[in-house]
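The structure appears below as structure tokens.
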Amino acid sequence: MDQVEVANMDHSEIRATVYKYFRQQLVDGKQRINQTGPLSSQKIEHYQQSLELMRDGNKTYWHSLGSEYARSELASFYEATGLSPEHCHDIQPLILDEIRKARIGAYEAILSHAKGLEVYDFTDATTQPTASPDDQVRLSGHPTISEAVEAFFRVHEKSSEWTPGTLQKRRAILDIAIEWFGPNRSMGEIRKRDASDLKEVLIALPANRSKVAKLRGVPLREMIRVDDLPKISNATINAHLSVFKVFWDWSEKHDYAPEALFQNMAVGKKGSGSKQRAPFTQEALELAYKALTDPESKFYEKSSHRWATLIAMFTGARLNEICQLQINDIVEDNGLWIFDFNDNGDELKRIKSAAGRRCVPLHSTLIKLGILQYREQMIAHGHDRLFPDYSYHPKHGYGDKLSKWFNRTFVKALDIKSEAHVFHGLRHTFTTRLGQANVATEVIQFIIGHEREGVTHRVYMHGYSAEQCKEAVEQFKL
């Protein structure tokens with residue numbers, strides 16, 4: 001990991017790059033099998049022997065193949081991904097290990113795909129094509145689902161603000177649809193009844209299926225019949241359905257599908273993912289505040305941890321909204337100092353929604369504690385960002401370090417660790433306190449960056465004055 005830091009690459013970034021590299025190889029491999037037919041017994045044996053060798057470990061695998069083969073593999077990888085060999089020189093062993101692990105996953109997927117061509121499943125006749133895949137595409141005038149998915153990601157990799165982690169998650173979710181319908185199924189043949197069937201598949205899907213040994217290499221149609229394993233939560237089901245909806249909305253608008261699907265198909269919130277988070281207890285909140293403001297405190301080492309946590313406590317802002325703040329995001333407006341939460345000035349900054357772009361006045365307590373003096377110190381040191389020691393994480397944004405410190409170290413040291421006492425709990429606590437002080441719901445929603453309820457507040461009322469928000473923010477008291 002020291003070598004990863006020297007190369008200025010995050011481990012998850014390496015994994016995302018390797019994933020994308022093998023993803024295309026896997027798509028090509030499956031298409032070849034679809035064209036040429038099932039794998040021969042010799043080919044299957046070759047894959048299985050290769051898997052056994054790869055599972056022996058990184059050193060054993062590459063040693064058996066030889067250094068020339070390893071260098072050739074790296075050269076192909078660098079050429080395909082655009083990474084610089086010089087830039088990655090010190091982390092080549094790590095890259096080779098990720099290549100080995102990715103190839104294991106790709107080979108298992110190829111074998112699983114080939115196995116599916118050896119059987120006919122008539123348990124759900126509605127999903128079986130009535131003509132050959134090529135005939136379906138010709139008759140419907142629409143591409144296959146695998147072609148539509150690849151086009152979807154080609155567009156969004158360039159035009160969207162999705163992180164590599166988000167892209168990887170959404171690919172994995174759409175892979176479920178591809179496997180269920182078949183990669184050569186025409187988008188024109190997938191209709192509302194088929195969407196309903198796929199929803200039932202999600203409801204029957206085992207949780208953590210990639211980590212369960214007995215499910216490795218098992219086709220989706222067999223996997224959902226396993227009854228002795230816990231299923232994914234309702235929240236996870238809805239997350240999958242949301243991705244399907246986004247994909248089919250895009251497909252309909254760009255003529256990849258005849259209609260948008262998965263509208264209003266969310267399941268109820270009952271389940272493991274529906275727990276209502278509780279606010280901090282009064283005692284825990286006071287302990288946290290004292291630990292962050294006592295001059296003799298030994299509960300934090302970095303000023304960034306201290307100030308970022310205090311900002312969360314007194315604004316209800318989200319983790320990444322705080323950690324990505326720039327110096328010029330704290331500004332004076334008609335005598336009032338405000339936080340300007342936005343996604344300007346840094347291409348890596350992210351705002352969750354349009355409602356996330358807002359101005360929130362600084363609480364008087366933050367000013368008394370010296371937040372403006374801290375800002376001046378950052379300016380004096382030539383920094384553009386308020387918390388320059390928070391590096392960007394492809395999956396977790398700028399808030400990764402703070403989240404880990406707060407949730408793993410800080411609350412544990414204070415002996416207040418619980419499900420409620422996590423960093424996001426500060427946001428919930430702030431919201432609850434303002435509600436208890438009779439601040440209007442719409443004002444609270446504006447301050448914390450939530451989409452407002454009701455047509456009037458969503459469409460006609462775009463925001464509130466700094467004075468109105470200042471009065472509301474000051475209602476938060478310890």
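Details
Residue-by-condition table, conditions (1) touching a residue at least 40 places away in the same chain (Cβ under 8 Å); (2) surrounded by 19 or more Cβ atoms within 10 Å (Cβ to Cβ); (3) assigned to a helix (DSSP H, G or I):
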site	(1), (2), (3)
340	no, no, no
347	no, no, no
366	yes, yes, yes
389	yes, no, no
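- Leading residue by the ranking (surrounded by the most Cβ atoms within 10 Å (Cβ to Cβ)) among those in segment 291-315 that are among the polar types (S, T, N, Q) and within 19 Å of residue 360 (Cβ to Cβ): 315
- Failed item, numbered, when residue 39 is tested on (1) touching a helix residue (DSSP H, G or I) at 6+ places or on another chain (Cβ under 6 Å); (2) assigned to a helix (DSSP H, G or I): (2)
- Residue match in segment 4-14 (condition: hydrophobic (A, V, I, L, M, F, W, C), part of a loop (DSSP other than H, G, I, E, B) and within 28 Å of the chain's Cα centre (by Cα)): yes
- Among the candidates 220, 202, the residue that is of a type in the set (A, V, I, L, M, F, W, C) and touching an Asp or Glu at 6+ places or on another chain (Cβ under 7 Å) is uniquely 220.
- Looking across 167, 174, one residue alone is at pLDDT below 85, closer than 26 Å to residue 221 by Cα, under 15 Å from the mean Cα position of the chain (by Cα) and in the same structural domain as residue 261 (by TED's automatic domain parsing). It is 167.
- Residues of segment 80-111 classified as surrounded by fewer than 17 Cβ atoms within 10 Å (Cβ to Cβ) and either outside the structural domain of residue 57 (by TED's automatic domain parsing) or not in a helix (DSSP H, G or I) (or both), total: 5
Residue by residue, here is whether (1) touching an Asp or Glu at 6+ places or on another chain (Cβ under 8 Å); (2) at pLDDT 85 or above; (3) within 25 Å of residue 240 (Cβ to Cβ) holds:
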| site | (1), (2), (3) |
| --- | --- |
| 101 | no, yes, yes |
| 114 | no, no, no |
| 126 | yes, no, yes |
| 134 | no, no, no |
| 141 | no, no, no |
| 148 | no, yes, yes |
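- Residue match in segment 318-326 (condition: assigned to a strand (DSSP E or B) and at pLDDT 95 or above): yes
- Filter result for the condition that a residue is over 28 Å from residue 163 (Cβ atoms), surrounded by 16 or more Cβ atoms within 10 Å (Cβ to Cβ) and among the aliphatic types (A, V, I, L, M), over 327, 371: 371
- Candidates are the residues of segment 327-338 that are of a type outside the set (S, T, N, Q) and not in a helix (DSSP H, G or I); the one that is farthest from the chain's Cα centre (by Cα) is 335.
- Against the conditions (1) at pLDDT 90 or above; (2) surrounded by fewer than 17 Cβ atoms within 10 Å (Cβ to Cβ), residue 425 satisfies every one except (2).
- Single residue of 15, 71, 55 found to be charged (D, E, K, R) and touching a residue at least 60 places away in the same chain (Cβ under 8 Å): 15
- Scanning segment 150-170 for residues that are in contact with a Lys or Arg (Cβ under 7 Å, 6 or more places away or on another chain) and within 17 Å of residue 27 (Cβ to Cβ) yields a single hit, 153.
The values are calculated or read from the model by the stated rules, or taken from the named source; none is laboratory data. These figures come from a predicted structure and were not determined experimentally. Reconstructed Cβ throughout: ideal geometry from the backbone, glycine too, with neighbour counts over all protein chains shown.
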